[in-house]
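Student: I have a structure here, written as structure tokens, and I will follow up with some questions on it.
The values are calculated or read from the model by the stated rules, or taken from the named source; none is laboratory data. Bear in mind that the values here come from a model prediction, so they are computed numbers and not experimental data. Note that we place each Cβ from the backbone using ideal geometry, even for glycine, and neighbour counts take in every protein chain shown. Just so you know, the surface numbers come from the protein's heavy atoms only, side chains and all, with ligands and any DNA or RNA stripped out. Shrake-Rupley method; radii C 1.70, N 1.55, O 1.52, S 1.80 Å.
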Amino acid sequence: MNIKIIGVGKLKEKYFKAGIAEYKKRLGAFAKVEIVEVADEKAPESLSESEMAEVKAKEGERILGKIKDKEHVIALAIEGKQRASEVFAKEIADLGTYGHPDITFVIGGSLGLSPEVMHRANDTLSFGKLTLPHQLMRLVLIEQIYRAFMINAGRPYHK
């Protein structure tokens with residue numbers, strides 16, 4: 001199975017990088033994992049609705065440029081579908097079993113994802129109504145992907 005995580009912006013914090021590297025290493029036993037960073041759009045703190053839409057559109061173009069046609073895309077969004085870890089694990093297993101071995105997760109920038117990216121997504125995922133920094137979301141996501149593989153392997157990681 002091939003797992004790709006596309007994130008907007010460059011990860012700068014060493015502690016996030018270290019955590020992501022650890023889970024990526026652990027996942028190596030189950031899947032090929034690729035982390036792709038696309039540039040975030042520089043913008044002032046206060047933006048009009050049209051300026052926000054423009055920022056999301058530009059970031060969205062960069063994201064879509066990293067997605068291949070055959071990839072099953074799951075967009076992370078607050079308004080996405082929430083799942084228990086066991087349900088998430090089964091969905092990942094089912095995707096691999098039923099002809100979708102290339103799964104791409106997309107994490108938007110601070111303003112979220114463009115309508116074009118959401119339209120391209122085959123599914124959505126939410127970790128709840130809380131707003132989390134997109135850098136932290138990368139670590140949370142990769143840990144949950146690792147947890148899913150451990151659940152599917154019947155290993156004792158998930159309690």
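Student: Please state the relative contact order of region 66-138 as a whole percent: Cα pairs under 8 Å, 6+ residues apart?
Tutor: About 53 percent, as a whole number.
Student: Measure off 7 Å from each Cα along the Cα-to-Cβ vector at Lys32 and Asp123, then give the distance between these two points in nanometres to one decimal.
Tutor: 2.2 nm
Student: As I understand it, the dipole of the chain uses +1 on the Cβ of Lys and Arg and -1 on the Cβ of Asp and Glu, about the Cα centre. Which of Ala18, Gln82, Ala57 lies farthest toward its positive end?
Tutor: Checked the options; the winner is Ala18.
Student: Okay, moving on. Using unit Cβ charges (K, R positive; D, E negative) and no other charged atoms, how large, in debye to the nearest 20, is the dipole of region 1-104 about its Cα centre?
Tutor: Computed about the Cα centre, the dipole is about 620 debye.
Student: Another question, if that's okay. Give me the percent of accessible area attributable to carbon and sulfur for the chain, probe 1.4 angstrom.
Tutor: The value for the chain is 54 percent carbon and sulfur by accessible area.
Student: With everything on Cα atoms, drop me the angle between helix 134-152 and the longest principal axis of the chain, reported from 0 to 90° to the nearest 10.
Tutor: Approximately 20 degrees, to the nearest 10.
Student: Per the Kirkwood definition applied to all pairs of different Cα atoms, how many angstroms is the hydrodynamic radius of region 17-110?
Tutor: Across region 17-110, the inverse of the average 1/r is 15.7 Å.
Student: Turning to a different aspect of this structure: Full-extension gain between Ala39 and Leu11, please, as 0.36 nm times their residue separation minus the C-alpha to C-alpha distance. Walk me through the intermediate numbers first.
Tutor: Values: separation 28, 0.36 × 28 = 10.08 nm, distance 1.06 nm.
Difference between extended and current length: 9.0 nm.
Student: Using only the Cα atoms of the chain, what are the Rg and Dmax in Å?
Tutor: 15.5, 49
Student: Also, quick follow-up: Read phi for every residue in region 88-101 and hand back ³J(HN,Hα) as whole Hz from Karplus 6.51 cos²θ - 1.76 cosθ + 1.60, θ = phi - 60°, with x for Gly and Pro.
Tutor: Computed from phi, the couplings for region 88-101 are 4, 4, 5, 5, 5, 4, 5, 4, x, 5, 9, x, 10, x Hz.
Student: Where does region 60-101 land on Rg/Rh, using Cα atoms and the Kirkwood Rh?
Tutor: 1.03
Student: Right, next: If r is the Cβ-Cβ distance from Glu86 to Glu22 and R0 is 35 Å, what FRET efficiency results, to the nearest 0.05? Display every interim value, and only then the final one.
Tutor: Values: r = 23 Å, r/R0 = 0.65.
In this case the efficiency is close to 0.95.
Student: Additional query: Against the longest alpha carbon principal axis of the chain, how many degrees, from 0 to 90 and to the nearest 10, is the axis of helix 49-64 turned?
Tutor: Compared with the principal axis, the helix lies near 40 degrees.
Student: Now, a different point. Residues with beta-carbon under 15 Å from that of Lys32, excluding Lys32: net charge, scoring Lys, Arg +1 and Asp, Glu -1?
Tutor: Values: positive: Lys4, Lys24, Lys25, Arg26, Lys68, Lys70; negative: Glu34, Glu71, Asp102.
Neighbourhood net charge equals +3.
Student: Looking at this model, which pairs from Lys12/Lys81; Lys4/Lys56; Lys4/Lys159; Lys14/Lys58 are more than 24 angstrom apart at the alpha-carbon?
Tutor: Over 24 Å apart, Cα to Cα: Lys12/Lys81; Lys4/Lys159; Lys14/Lys58.
Student: Jot down the per residue volume, in cubic angstrom and as a whole number, of the convex hull over the alpha-carbon atoms of region 109-159.
Tutor: Output value, Cα hull per residue: 101 Å³.
Student: Additional query: So what is the accessible area of the chain per residue, in Å², with the probe set to 1.4 Å? Numbers along the way, then the final one.
Tutor: Values: 8940 Å² over 159 residues.
For the chain, the per-residue accessible area is 56 Å².
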